Each structure stands twice: as C-alpha cells, then as structure tokens.
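Chemist: Can you read through this structure? Questions will come right after.
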Amino acid sequence: MIAQIEGKLVGLDEDSALVQAGAVCYELMLPGYAVVQLSGSIGQLITLCTFEYYEGTLGGGNLIPRMVGFLARSERDFFDTYTSVKGIGIKKGLKSLALPIDRIAAAIECGDDKLLATLPGIGKK
C-alpha cells in the first residue's frame with residue numbers, strides 16, 4: 001500500500017489532484033477542504049498521506065484502483081473511521097468533507113446536527 005506521496009502538484013480540480021513523483025504522475029481523489037487548501041500550490045512540492053482502494057465489483061472483474069489523499073495522517077485516520085458509519089462510503093465521505101476535518105469532528109462530538117446537515121450529501125432527505 002502507498003501510505004504517503006511526495007511530489008510536485010501539477011494539476012488540481014474540484015475533487016482530485018495530479019502529483020508528479022519522479023517519472024510517475026499520480027491522480028489522487030481529495031476531499032473538498034484539501035482542494036481549497038492546495039489551490040495556491042500548483043507547481044509546488046507537496047506531501048499527501050494516502051490510502052488505496054478498489055472500486056467496482058469483484059465478481060464482475062472490473063475493479064479500478066483508486067488513491068485518496070489527505071493533508072495529514074490524522075485526517076486519513078479520521079476518514080477511515082468516518083466511512084465506517086453506515087451509509088457513508090468513500091465517495092460520499094469525500095464529497096461531504098467540505099469543511100476542515102477538525103470542525104467536522106468537533107461537530108460530531110458536540111452533536112451539532114445543524115452543522116453536520118450542511119455537509120454535502122449528509123443532511124436530511
């Protein structure tokens with residue numbers, strides 16, 4: 001497993017980054033807060049804590065490898081716990097992290113339903 005990647009940020013869009021590490025350029029899915037924090041860093045050296053997963057169905061033979069990046073290991077660890085909640089998968093979890101993780105974690109601890117309901121894909125249906 002690739003746990004961390006360091007390289008030049010060569011591209012950034014609303015939910016992913018391209019990081020050039022030597023001769024290889026990696027595409028990493030990112031939460032929204034990380035995109036905002038990296039927005040002024042194109043062309044600069046960055047380090048992201050990562051995890052990999054496979055998207056698709058095992059029986060269908062169409063598994064696609066994906067890599068997700070975070071600004072710190074603690075954020076990656078939070079995400080692992082966050083996505084263990086029923087109904088929050090990796091893509092929904094990434095989309096919902098529009099605010100910094102420390103604010104979301106504090107809202108969870110305090111039971112701040114109003115703040116949590118403002119997160120994309122998390123509010124009442």
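Chemist: Say we look at the range 41-76 and pick out the residues that are closer than 19 Å to Leu99 by Cα and of a type in the set (A, V, I, L, M, F, W, C); which of these is surrounded by the fewest Cβ atoms within 10 Å (Cβ to Cβ)?
Modeler: Result: Ala72.
Chemist: For the structure I just gave you, tell me whether Glu14 is closer than 19 Å to Gly89 by Cα, assigned to a strand (DSSP E or B) and at pLDDT below 95. Even if it seems obvious, please write down each step before you answer.
Modeler: Numbers: closer than 19 Å to Gly89 by Cα: yes; assigned to a strand (DSSP E or B): no; at pLDDT below 95: yes.
No, not satisfied.
Chemist: Might you let me know whether the range 8-30 holds any residue that is closer than 19 Å to Asp102 by Cβ and either in contact (Cβ under 8 Å) with a residue 24 or more places away in the chain or within 10 Å of the chain's Cα centre (by Cα) (or both)?
Modeler: Of the residues in the range 8-30, the ones closer than 19 Å to Asp102 by Cβ are 30.
Filter again for either in contact (Cβ under 8 Å) with a residue 24 or more places away in the chain or within 10 Å of the chain's Cα centre (by Cα) (or both), leaving 30.
Yes.
Chemist: Then there's this: Here's a check for you: in the range 70-125, which residue that is over 23 Å from Asp13 (Cβ atoms) and of a type in the set (Lys, Arg) is nearest to the chain's Cα centre (by Cα)?
Modeler: Arg73
Chemist: Right, next: Any residue at all in the range 35-44 that is at pLDDT 90 or above and within 22 Å of Met1 (Cβ to Cβ)?
Modeler: Residues of the range 35-44 that are at pLDDT 90 or above, as a first pass: 35-44.
Filter once more, keeping what is within 22 Å of Met1 (Cβ to Cβ): none.
No: the range 35-44 contains no residue that is at pLDDT 90 or above and within 22 Å of Met1 (Cβ to Cβ).
Chemist: Continuing with the same structure: Looking only at residues in the range 20-40 that are assigned to a strand (DSSP E or B) and under 28 Å from Ala105 (Cα atoms), which one is least open to solvent (accessible area, probe 1.4 Å)?
Modeler: We begin by selecting, within the range 20-40, every residue assigned to a strand (DSSP E or B); these are 20-21, 24-29.
So of that shortlist, the ones also under 28 Å from Ala105 (Cα atoms) come out as 27-29.
Working: Glu27: 121, Leu28: 0, Met29: 35 Å².
Checking each candidate, the answer is Leu28.
Chemist: Can you give me the number of residues within the range 77-102 that are open to solvent by 30 Å² or more (accessible area, probe 1.4 Å) and either more than 15 Å from Ile122 (Cα to Cα) or in a loop (DSSP other than H, G, I, E, B) (or both)? Let's see the steps before the verdict.
Modeler: Going residue by residue through the range 77-102, those that are open to solvent by 30 Å² or more (accessible area, probe 1.4 Å) are 77-78, 80-81, 83-87, 89-92, 95, 98-100, 102.
Now drop any that are not either more than 15 Å from Ile122 (Cα to Cα) or in a loop (DSSP other than H, G, I, E, B) (or both), which leaves 77-78, 80-81, 83-87, 89, 98-100, 102.
Count: 14.
Chemist: Same structure again: Step by step: first the residues of the range 103-125, then only those that are out of contact with any helix residue (DSSP H, G or I) (no Cβ under 8 Å at 6 or more places or on another chain) and part of a loop (DSSP other than H, G, I, E, B), then the one that is least open to solvent (accessible area, probe 1.4 Å). Which residue is that? Reasoning before the result, please.
Modeler: Restricting attention to the range 103-125, the residues satisfying the condition of being out of contact with any helix residue (DSSP H, G or I) (no Cβ under 8 Å at 6 or more places or on another chain) are 106, 109-111, 113-114, 117-118, 125.
Cutting the leftovers down to part of a loop (DSSP other than H, G, I, E, B) gives us 111, 118, 125.
Numbers: Gly111: 45, Thr118: 97, Lys125: 217 Å².
Filtering the range 103-125 for residues that are out of contact with any helix residue (DSSP H, G or I) (no Cβ under 8 Å at 6 or more places or on another chain) and part of a loop (DSSP other than H, G, I, E, B), the one least open to solvent (accessible area, probe 1.4 Å) comes out as Gly111.
The values are calculated or read from the model by the stated rules, or taken from the named source; none is laboratory data. Values in this document were obtained by computation on a predicted structure and should not be read as measured data. So basically every Cβ, Gly included, is an ideal-geometry build from the backbone, and we count neighbours across all protein chains shown. Accessible surface areas use protein heavy atoms only, side chains included; no ligands, DNA or RNA. Shrake-Rupley method; radii C 1.70, N 1.55, O 1.52, S 1.80 Å.
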